[in-house]
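Here's the structure we're looking at; comments come further down.
The values are calculated or read from the model by the stated rules, or taken from the named source; none is laboratory data. Owing to the predicted nature of the structure, the values given are computational and were not obtained by experimental measurement. Quick reminder, even Gly has a Cβ in these numbers, built from the backbone with ideal geometry, and neighbours come from all protein chains shown.
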Amino acid sequence: MSHQATNWAFQQRGLEAATWRVLIILADRHNPDFGCFPSQSRIAADAEMSRSSLNVHLDKLERAGLIRRERRIDPTTRRQRSTRYLFAFEEAFAQKPCPDLGHGNRPGEAAKTPGAVSRSRVQNLDTNPVSIQQVITTAREPDTGAEATDPQTRCLAAGGPGLCPASRAAITGTADVIDSWLREGIDLDEDILPTIARRTTQIRISPIRTWAYFTDAVRAAKQARLRREADPRITAQHRFFADWINSDKYLPPTAVTNTMAHALLRFDLVTVARLATRGVPIPHRKAGEDDAA
């Protein structure tokens, strides 16, 4: 990890939250002596998005002049190696772009080598003019894991000790309740799964026998999320740290400042229990201390 790269990335403004997160992840993979060479699969996994979505955000970063991508070919085997990501603060950033793909050309400037393409290797599913069927069969990666699992299975997986075997046996007969939540616009990942996990941490005397038990709570979670999304005080940096803390990715002990933890708690982006689980010191307010990070 390069402190110079991560500090520089944190200072960038005007980016969408997901685009900014990709930039932070790239910066975290930067080595000051050797550069930045993560595979797309590694970046996509860290960002928790598909490779096609990742390339949308990489294109935005490149058009913004924050990164440049260079394709590398092994001189012996002629096989393609991991792309090199150059950052705007690096001296090599201004050097001649890679001739193979034209990465590094200014926005709107075509690649200079005949046959070269200016876009990333993975298709942008939203804007690529190739037919949808061709994109699906040649560009998209198959959905695997949680994304390919039905909602009820994911809800059961999110449940803790409060969903005992008796509860799980009974509750599966009420899957239509989950379907009704989704029809209401309640988000599975943002509202439903965290609520189920939060409300099943303790063993219960009376078993939960229907998903309807969670209905009021998931509706409240949706409303709270909408309020957070509309709150102008919550910045992309707040959302990035909240996503990081609420995930299971490695979190350095000193990554979250006391001021940032204060802000995340104030905006209900994290809980005290989650901070404790992740090893983040629970902040204690000092006289005159501001909430904003």
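Here are the numbers:
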{"quantity": "Pick from the range 233-251, criterion crowded, with 17+ Cβ neighbours inside 10 Å and of a type in the set (D, E, K, R), ranking: farthest from the chain's Cα centre (by Cα)", "calculated": "ARG239"}
{"quantity": "Yes/no for ALA5 being in contact with a helix residue (DSSP H, G or I) (Cβ under 6 Å, 6 or more places away or on another chain) and within 19 Å of PRO252 (Cα to Cα)", "calculated": "yes"}
{"quantity": "PHE89 part of a loop (DSSP other than H, G, I, E, B) and in contact with a helix residue (DSSP H, G or I) (Cβ under 7 Å, 6 or more places away or on another chain)", "calculated": "yes"}
{"quantity": "Filtered residues of the range 6-22 (kept if among the small types (Gly, Ala, Ser), more than 10 Å from the chain's Cα centre (by Cα) and buried (at least 18 other Cβ atoms within 10 Å of the Cβ))", "calculated": "ALA9"}
{"quantity": "Among (1) more than 23 Å from the chain's Cα centre (by Cα); (2) modelled with pLDDT under 85; (3) hydrophobic (A, V, I, L, M, F, W, C); (4) not in a loop (DSSP other than H, G, I, E, B) - the single one ALA212 does not satisfy", "calculated": "(2)"}
{"quantity": "Odd one out for GLY162 among (1) within 30 Å of LEU275 (Cα to Cα); (2) at pLDDT 70 or above; (3) surrounded by fewer than 15 Cβ atoms within 10 Å (Cβ to Cβ)", "calculated": "(3)"}
{"quantity": "Those residues of the range 183-209 which are crowded, with 18+ Cβ neighbours inside 10 Å and either at pLDDT below 90 or not hydroxyl-bearing (Ser, Thr, Tyr) (or both), in sequence order", "calculated": "ILE186, ASP191, ILE192, LEU193, PRO194, ILE196, ARG199, ILE208"}
{"quantity": "Residue selected from the range 30-45 under the condition crowded, with 20+ Cβ neighbours inside 10 Å and in contact (Cβ under 8 Å) with a residue 24 or more places away in the chain, by the criterion nearest to THR83 (Cα to Cα)", "calculated": "CYS36"}
{"quantity": "Residues of the range 51-72 satisfying the condition of being more than 20 Å from HIS30 (Cα to Cα) and touching a Lys or Arg at 6+ places or on another chain (Cβ under 7 Å)", "calculated": "SER52"}
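Residues are listed down the side, and each one gets a yes or a no for (1) assigned to a loop (DSSP other than H, G, I, E, B); (2) free of Cβ contacts under 8 Å to residues at least 40 places away in the same chain:
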position	(1), (2)
ASP189	no, yes
ASP216	no, yes
ARG225	no, yes
LYS249	yes, no
HIS262	no, yes
VAL270	yes, yes
LEU275	no, yes
PRO283	yes, yes
